[in-house]
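Structure first, commentary second.
The values are calculated or read from the model by the stated rules, or taken from the named source; none is laboratory data. Every value quoted in this text rests on a predicted model; they were computed, and no experiment measured them. Cβ placement follows ideal geometry from the backbone for every residue including glycine, while neighbour counts extend to all protein chains displayed.
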Amino acid sequence: MVTDLGEKSDLDVLDHLVDVAGLRVIDVGCGGGRFSIELAKRGATVVGVEPDPIQAKKIRAARPAQGCTFVQCGGEALPMDDVSQDAVFFFYSLHHVPLDLMATVLSEAARVLKPEGLLYSLEPLMTGSSFALQRFYNDETEVRTAAQKALHDAGDTLFTEAERYTSTRSTRL
């Protein structure tokens, strides 16, 4: 079953679904660190991991947010102990993982999660006018489809429960 949350910003969806205060979390593929910082502002202790060396250097050089650290590594080799994290987040990042590593990255997320831990993946769907326009210069159909399949397959084998939500991205900041 898919629950439609209506029109919400990405952070409104997060706040609606998860209270991260007090949680130890990993933000895989954190890019510029926006979501990592937002998680920290909400009371989480966050490790943002970024595989791209240039982006990782930039985010580490920026003024760090309290409760947030950044490291360079890929999601296939998280520098955390087994069953040590409350949540692993993928904010628009799973579809950027090389296709041959998607299952490995999700297995690695399962490895570091506590038994009651949460895997949160925010992935764009292949619908709407924005996707239709972007396809002309950046067609992500294959990688987005692979990310959805990897999540479905991992849900069947690595995680005990799976919930799926959709929303229409709000233009509000």
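Condition check: within 23 Å of PRO115 (Cα to Cα) and outside any helix (DSSP H, G or I). Does ASP15 satisfy that? When the stated conditions are applied, ASP15 does not pass them.
If only one of ALA44, ALA87, ALA65 is in contact with a strand residue (DSSP E or B) (Cβ under 6 Å, 6 or more places away or on another chain), over 19 Å from ALA150 (Cα atoms) and surrounded by 13 or more Cβ atoms within 10 Å (Cβ to Cβ), which one is it? Write out each step before concluding.
On the way: ALA87 fails: over 19 Å from ALA150 (Cα atoms); ALA65 fails: in contact with a strand residue (DSSP E or B) (Cβ under 6 Å, 6 or more places away or on another chain).
Exactly one residue qualifies, and that residue is ALA44.
Report whether or not PHE70 is farther than 23 Å from LEU151 by Cβ, free of Cβ contacts under 8 Å to residues at least 60 places away in the same chain, buried (at least 17 other Cβ atoms within 10 Å of the Cβ) and in contact with an Asp or Glu (Cβ under 8 Å, 6 or more places away or on another chain).
Working: farther than 23 Å from LEU151 by Cβ: yes; free of Cβ contacts under 8 Å to residues at least 60 places away in the same chain: yes; buried (at least 17 other Cβ atoms within 10 Å of the Cβ): yes; in contact with an Asp or Glu (Cβ under 8 Å, 6 or more places away or on another chain): yes.
Taking the combined requirement at face value, the residue satisfies it.
Among the criteria (1) closer than 19 Å to GLY33 by Cβ; (2) at pLDDT 95 or above; (3) surrounded by fewer than 22 Cβ atoms within 10 Å (Cβ to Cβ); (4) within 15 Å of the chain's Cα centre (by Cα), the one HIS96 does not fulfil is (2).
Looking at GLY22, GLY31, GLY6, can you tell me which residue is of a type outside the set (A, V, I, L, M) and in a strand (DSSP E or B)? Full working, then the answer.
Numbers: GLY22 fails: in a strand (DSSP E or B); GLY31 fails: in a strand (DSSP E or B).
Among GLY22, GLY31, GLY6, only GLY6 is of a type outside the set (A, V, I, L, M) and in a strand (DSSP E or B).
Scanning segment 68-89 for residues that are in a strand (DSSP E or B) and out of contact with any Lys or Arg (no Cβ under 6 Å at 6 or more places or on another chain) yields a count of 7.
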